[in-house]
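Notes to accompany the following structure.
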Amino acid sequence: MHEWALAEAVITAAQQIAEKEKLREIKEVTIKIGELQQVEEEILRFALSQLKPASFKNADFHIEKAKTKFKCRVCGNTWLFTKNKLDEETAEAIHFVPEVAHAYIKCPKCGSPDFEIAEGRGVWLESIKGVR
Ligand SMILES: [Zn+2]
């Protein structure tokens with residue numbers, strides 16, 4: 001069900017921006033989804049199409065995946081999550097439970113397992129286009 005809550009949040013945020021920018025009609029909305037976020041894109045798209053208000057009726061929703069970025073708490077190094085370095089099963093576990101990442105991933109620079117996920121979680125509005 002959380003795709004519906006996400007769709008609602010996206011539309012609310014997009015409406016606020018549209019209002020601020022004085023856009024009468026929205027043409028394009030780009031949404032980014034962190035690759036660690038569990039989102040059924042099909043359901044999200046359906047929810048968006050059902051929930052969108054009149055000013056969004058001709059809007060295209062673009063959904064893009066955002067790479068996961070880790071930041072080491074010890075040395076400050078940042079690096080991107082690359083799935084092919086891990087076996088499939090581990091990668092799936094990490095997608096399912098981001099917290100599990102700490103058991104498998106270490107900083108490539110200093111070897112510390114103490115890192116945070118800097119990017120790759122959550123859903124956010126990347127851009128919105130429309131006409132005034
Ligand atoms: Zn480090």
inquiry  = Counting only protein heavy atoms and a 1.4 Å probe, tell me what percentage of region 12-84's accessible area is made up of carbon and sulfur.
reply    = 46 percent
key: trypsin sites (Lys or Arg not before Pro) restricted to region 9-100 and DSSP loop, no more than 14 other C-beta within 10 Å   = 22, 24, 57, 67, 73
key: Net charge over other residues, Cβ less than 15 angstrom from the Cβ of residue 26 (K, R count +1; D, E count -1)   = +2
For residue 25, residues with placed amide H under 5 Å, excluding near neighbours = 131
query = Per-residue HN-Hα couplings for region 21-33, Karplus 6.51 cos²θ - 1.76 cosθ + 1.60 at θ = phi - 60°, whole Hz, x for Gly and Pro?
reply = 7, 6, 8, 7, 10, 9, 9, 8, 10, 10, 10, 10, 10
query = Roughly how many Å² is the accessible area per residue of the chain, as a whole number, for a 1.4 Å probe?
reply = 62 Å²
query = If 44, 23, 80 are ordered by their accessible area, calculated over protein heavy atoms with a 1.4 Å probe, which sequence runs from highest to lowest?
reply = 80, 23, 44
request  = Give me the compactness ratio for the chain, meaning the Cα radius of gyration over 2.2 N^0.38 Å.
outcome  = 1.26
task = Could you work out, for region 1-64, what percent of all Cα-Cα pairs fall into each 5 Å distance bin, beginning at 0 Å and stopping at the bin that holds the largest distance?
result = 4, 17, 32, 26, 13, 6, 1
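The values are calculated or read from the model by the stated rules, or taken from the named source; none is laboratory data. Computed from a predicted structure; not experimentally measured. Positions of Cβ are backbone-derived with ideal geometry, glycine not excepted, and every protein chain shown enters the neighbour counts. Areas reflect the complete protein model, heavy atoms only, side chains present, ligands, DNA and RNA absent. Shrake-Rupley method; radii C 1.70, N 1.55, O 1.52, S 1.80 Å.
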